[in-house]
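Heads up: the structure comes next, in structure tokens.
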Amino acid sequence: MTRFFLLAALLALSACIEDEPEVTATAPAPTAMVTVIEGEALTDTRRFVGRLDAVSTVDMTFQVGGEIVDIPVREGTVVAQGAILASLDPEDFELALREAELSRGLAQNAFQRRETLVTNNSVSRAAFEQAEAEFRLADLAVENAARNLAHTQIKAPFNALITRRLSDTYSNIQPGTPILRIQDISEYRVVISVPEDLIALVETPESFDVTARFGTNGHSREVPLTYREHNTEPDAVAQTYQVSFALAPAMAGGLLPGMTASVEISPNTAMDGAALRVPESALDVAEDGGFRVWLLDPVTNTVSPRDVTIGRVTDALLPVTEGIASGDMIVTAGVHLLRDGMVVQPMMQQN
């Protein structure tokens, strides 16, 4: 009987043990190094020495040779489009045109006579065609002589600033000899040379304010500039790129091509949202091959991924143009081990 009670007690104790829930140890939350993102200027104001240029500079020439009889323009003046800039003696060209017109008249008469005779079979078809060809050639000779006469004058192809006289009146010149140098000042250009780390500004010119200052401190003035174009081939020696900005003619009073300017380039307010930098260790590779960072929720201590766009890298801190905002807390180490919703034990990074 004693053995029966002992066995029953052991069975009861075993049942009690099996009914108790299994106790497992909870793993501590992993420690995560975090930092607070703060706004920071992406690019400080940069200054360059610029040169004021015209839209284009052209050396004007005659397409025919002869004696220059008139250059009615003066250096430093502005002339309207179509104004006469220089003239050759037209006498020889006028005579050539009259001679060509007379020859055409004779050829036309011969052609018309043979045209009548060929209908009566009085002349051969070959003779008629020869007369026709001679008339057409004489007509072309008149056109050529008229064009040469028109080329005895050079006219302004645009509203032009006369910068230099390269020949004098009464000079006997050959075709293609430079007579005048003119500049198109419908718009002024300010040209600077920038290093490769700033050439990216041409991709988003609206993100930068560009101004030029002309003159000395006592008589200086500042004018806004607008991006126009840039060279994609660097200077062979300095390895810099040439960038051109426009200056409205209304703002260019008293300025002349060739003058120097101090040009300032600085980010405008449109860059505020992009002026954030993160350490390289905070970047993780997203599933689509892009970049992401891990944001920490300071209330629940959980992390979640956030896709970001990286700007041009210029130093150890990487500029983030999209995806995060100033004040966000991000993980800066071991980001490849994180999972969405993971609870971590944050530890502030010491700067």
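The values are calculated or read from the model by the stated rules, or taken from the named source; none is laboratory data. The structure displayed is predicted, hence computed values, not measured ones. Every residue, glycine among them, receives a Cβ derived from its backbone with ideal geometry; neighbour counts consider all protein chains shown. Side chains are part of the model used for accessible areas, which takes the heavy atoms of the whole protein and leaves out ligands, DNA and RNA. Shrake-Rupley method; radii C 1.70, N 1.55, O 1.52, S 1.80 Å.
Multiply the residue separation of residue 209 and residue 108 by 0.36 nm, subtract the distance between their alpha-carbon atoms, and state the gained length in nm to one decimal. Don't jump to the answer; show the numbers that get you there.
Numbers: separation 101, 0.36 × 101 = 36.36 nm, distance 6.88 nm.
Between residue 209 and residue 108, full extension yields 29.5 nm more.
So how much accessible area does residue 256 have, in Å² to the nearest 10, using a 1.4 Å probe?
We get 90 Å² for residue 256.
Using 0.36 nm per residue, how much length does the chain from residue 59 to residue 166 gain when fully extended, once their Cα-Cα distance is taken away?
Working: separation 107, 0.36 × 107 = 38.52 nm, distance 0.87 nm.
Contour length minus the Cα-Cα distance gives 37.6 nm.
How far, in nm, would the chain grow between residue 92 and residue 80 when pulled straight, counting 0.36 nm per residue and subtracting the alpha carbon separation? Before the final figure, lay out the partial values.
Numbers: separation 12, 0.36 × 12 = 4.32 nm, distance 2.88 nm.
Extending this stretch completely gives an extra 1.4 nm.
How do 220, 87 rank by accessible surface area computed with a 1.4 Å probe, from largest to smallest? Write out the running numbers ahead of the final one.
Values: 220 40, 87 15 Å².
Accessible-area ranking of 220, 87, largest first: 220, 87.
Suppose R0 equals 45 Å; then what is the FRET efficiency for residue 239 and residue 347 from their Cβ-Cβ distance, rounded to the nearest 0.05?
Working: r = 44 Å, r/R0 = 0.97.
Once the sixth-power term is evaluated, E becomes 0.55.
With a 1.4 Å probe and every protein chain left in place, tell me how much accessible area residue 123 has, in Å² to the nearest 10.
Its accessible surface works out to 40 Å², give or take rounding.
Taking H as built 1.01 Å from N, whose amide H comes closer than 5 Å to the amide H of residue 229, not counting residues under 5 places away?
Here 244 satisfy the definition.
Under a plain spin-label model, where a point goes 7 Å from the Cα along Cα-to-Cβ, how far apart in nm are residue 124 and residue 137?
The two pseudo-label positions are separated by 1.8 nm.
Could you work out how far the C-alpha centroid of segment 47-75 sits from that of segment 94-128, in angstrom?
Centre-to-centre (Cα) distance: 46 Å.
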